[in-house]
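The values are calculated or read from the model by the stated rules, or taken from the named source; none is laboratory data. Every value quoted in this text rests on a predicted model; they were computed, and no experiment measured them. Cβ atoms come from the backbone with ideal geometry, glycine included; neighbour counts cover every protein chain shown. Heads up: the accessible areas ignore ligands, DNA and RNA and are worked out on the full protein's heavy atoms, side chains in. Shrake-Rupley method; radii C 1.70, N 1.55, O 1.52, S 1.80 Å.
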Amino acid sequence: MSVVSLTVNGKPVSVETEDRTLLVYFLREQLRLTGTHIGCDTSQCGACVVHVDGKAVKSCSVFAVQVAGAQVTTIEGLARDGKLHPVQEAFRDNHGLQCGFCTPGMIMTAVDMIRRNGAMDRDTIRHELEGNICRCTGYVNIVSAIEDASKRMTESAEKAA
Ligand code: FES
Ligand code: FES
């Protein structure tokens, strides 16, 4: 057992956990942040993507002890002051949600890819989404949502500059 201290969604957290606890179980079972989903447990599906120090990471592929000291953001930490993140808004506006199971991972992956690439075309988005599986196979609206969000966020960043 180790005490893991880190920041989750902006709040400092110190929790005792077994050294073999995967980050996804740490978040879901110990911190009760169940928005991060488990689809495959084998780092294939992307349902468990969270941000570790701003980068998208499959939380079933790292141990909680490995992220000690890091800033972790989950889907619960994306909205600010009661306002949805632009990627969340774009998923709503473009009907990117079906059963919603893959949605948290898709959104966390999308935020990271937009940060790195800015506005993207559909081919780039599809390539970037390679590690995220939607069992409803509704990729068309998901790609539209990310394309829309990438344009909106890039335009608002340009206006602010
Ligand atoms: S549960 Fe982590 S990638 Fe599927
Ligand atoms: S919306 Fe159902 S798994 Fe993707």
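Other residues lying with their Cβ under 13 Å from the Cβ of Glu89 contribute a combined charge of +3, Lys and Arg counting +1, Asp and Glu -1. Restricting attention to the chain, lysine pairs at least eight places apart or on different chains and with alpha-carbon atoms under 23 angstrom apart total 8. As a fraction of the 1.4 Å probe accessible area of the stretch 44-145, surface on carbon and sulfur atoms comes out at 50 percent. Per residue, the chain reaches -10000 deg cm²/dmol at 222 nm when only DSSP H runs of four or more residues are counted, each adding -39500 (n - 2.57).
Under a 5 Å amide H cut-off, with hydrogens placed 1.01 Å from N, Leu22 pairs with Ala64 among residues at least 5 apart or on other chains. For the chain, the fraction of alpha-carbon pairs lying more than 26 Å apart is 26 percent, rounded to a whole number. Summed over the residues of the chain and divided among them, the accessible surface reaches 52 Å² per residue at a probe radius of 1.4 Å.
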